[in-house]
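The values are calculated or read from the model by the stated rules, or taken from the named source; none is laboratory data. Model, not experiment: these values are computed from the prediction. Using ideal geometry, Cβ is built from the backbone for each residue, glycine included, and neighbour counts are taken over all protein chains shown. Heads up: the accessible areas ignore ligands, DNA and RNA and are worked out on the full protein's heavy atoms, side chains in. Shrake-Rupley method; radii C 1.70, N 1.55, O 1.52, S 1.80 Å.
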Amino acid sequence: MSPQYPWIHENERRGYFLLTLGCPKNEVDSDLIATRLAEAGWKREVDPRAATVIVVNTCAFIAPALEESIEEVLELSDLKEETGAVLVMTGCMVARYGAKKLAELLPEVDAFLPCEAHEDLVAALEGFSQGDAAGRRGIRGSRHGGAGRARDAAPRRKLSRRGVGRTVSGTLGRGFVYVKIAEGCSRRCAFCAIPSIRGSLRSRGMDDIEEEVRHFVGEGAREVVLIAQDTTQYGLDIYGRPRLRELIERLSDLEGEFRLRVMYMHPEGLSDSVLEAMRSPRVCNYLDLPFQHVDARVLGSMGRHGDEKSHLRLLERARERLGEVAVRATFMVGFPGEDREAYAKLRRFIEVARFDWLALFGYSHEEGTPAFLLQPTVGKGVIRSRIKELSEVQEEIMREIASEQVGRDFDVLVEGRSTEAPGFWEARSWREAPEIDGVVFIRDAPVLKPGACLRVNIVSTEGIDLHGEVRE
Ligand code: SF4
């Protein structure tokens, strides 16, 4: 019986709590951690107080995300004092800063686990259970928490038939699943720390992805969301050229009732052939385009290309091939060199392009990125006021677009009862991506259940959200 962690031996109390921060790519990593722990006999706890092991899957790509990760870890470390739980940190913060440095900064944390080292977690916890220092030292002291560790392609989710391989982040229970088709990124946008955190592009094999999609469709997924840092680069490393088109075509031919959605498409990588593949009725007419800016000079210093004309041309090309398209755009405000004129261009572009959904990030001066050598020229206050102004412009546009949907019919995927609007369920059509866009509210009715696909008629709006009635 280990003096330090007596409770770990008592199987019935081998409970773990897993907190996932950051993006859907981290959710996939958490699924893998949960799968491994479940296979090793650990039970997932929803209350961290009931857990003997607390795992925080961190995000660290910009300062605000880093602050949130540290806050969450410190909050849970207070709990650890009460319950005696082991506190494990994993994810991008460990990859970016390394176990050694973090161990000095955060002595509250018992172990640091690099991304994608899910096997190590189980072994480490078993190490803890033997109470041998090895387990502790094995993780804590080593550098392999940071960059430079040999990484393989995006890890596979073990597709065990016992359902243990299921997505346990809860998305499958809401009818959809994220499938990570690649890890890392080989582009080098000047503001971005992700390549230094997740390494260069590592695509998964198409057979591997197809098998995973088949598995989840078999498990009831009605929407499969393809994710990566940049999905348009998919296959470049293992097939010598981007193969997103072929992947979309292959997955579109699979049996089963499901739709495909592709996220994180770098505008410069969105080729006509990919747009052609998206004409499949299986694929949502949805484009997630991180344009980042419209001013050619600012884009140039970001290590990107294009301007408002080329962006508008891309949207035209998409509409020529796909007809009606829902577009989510992402812009960065306040990058060094963004003067009034460049900002005015960005504002005008957002007014003209009328995006269905919009994400706005304030520039974050990140160590280790090429832009860190540039002198920040836009004050934090100016960045905040520009984001506020653009958000107000976009809010108006989204309300107008919402009201234009009234009277239309949509096939929607029912996710579950709304926590926001009691007596209503939340659903999404092809126009709305999960967890980031608006929703379609449907009044409670017997026909509603998570994962159901229904046809609804849009009868009204509520801000940027829609209200739908089930078509009998
Ligand atoms: S494409 Fe995306 S992940 Fe890759 S470097 Fe650029 S911003 Fe970062």
### Message
Can you confirm whether S252 is among the polar types (S, T, N, Q), touching a Lys or Arg at 6+ places or on another chain (Cβ under 7 Å) and open to solvent by less than 60 Å² (accessible area, probe 1.4 Å)?
### Response
yes
### Task
Could you grab me the full set of residues in the stretch 444-460 that are open to solvent by 10 Å² or more (accessible area, probe 1.4 Å), over 16 Å from R174 (Cα atoms) and at pLDDT 95 or above?
R455, N457, V459, S460
### Task
Give the stretch 207-239 a look and list any residue that's in a helix (DSSP H, G or I) and within 15 Å of the ligand (Cβ to nearest atom), or say none.
T231, T232, Q233, L236, D237
### Task
Could you tell me whether the stretch 257-266 includes any residue that is within 16 Å of the ligand (Cβ to nearest atom), open to solvent by 30 Å² or more (accessible area, probe 1.4 Å) and either hydroxyl-bearing (S, T, Y) or closer than 18 Å to E324 by Cα (or both)?
yes
### Message
Tally up the residues in the stretch 179-206 that are away from the ligand (no atom under 16 Å from the Cβ) and under 18 Å from the mean Cα position of the chain (by Cα), please.
### Response
2
### Message
Of the conditions (1) within 16 Å of L299 (Cα to Cα); (2) open to solvent by 60 Å² or more (accessible area, probe 1.4 Å), F331 satisfies every one except a single condition; which number is it?
### Response
(2)
### Query
Between residues in the stretch 253-266 that are under 14 Å from S280 (Cα atoms) and residues that are polar (S, T, N, Q), which pairs lie under 7 Å by C-beta distance while being six or more apart or on different chains?
L260/S252; V262/T231
### Summary
In the stretch 300-324, residues that are without any contact (Cβ under 8 Å) to a residue 40 or more places away in the chain and within 16 Å of the ligand (Cβ to nearest atom) total 3
### Query
Filtering the stretch 325-349 down to residues that are aliphatic (A, V, I, L, M) and not in a helix (DSSP H, G or I), which residue is nearest to the ligand (Cβ to nearest atom)?
M332
#### Entry: Some residue of the stretch 57-75 being modelled with pLDDT under 95, farther than 27 Å from H365 by Cβ and touching a Lys or Arg at 6+ places or on another chain (Cβ under 9 Å)
no
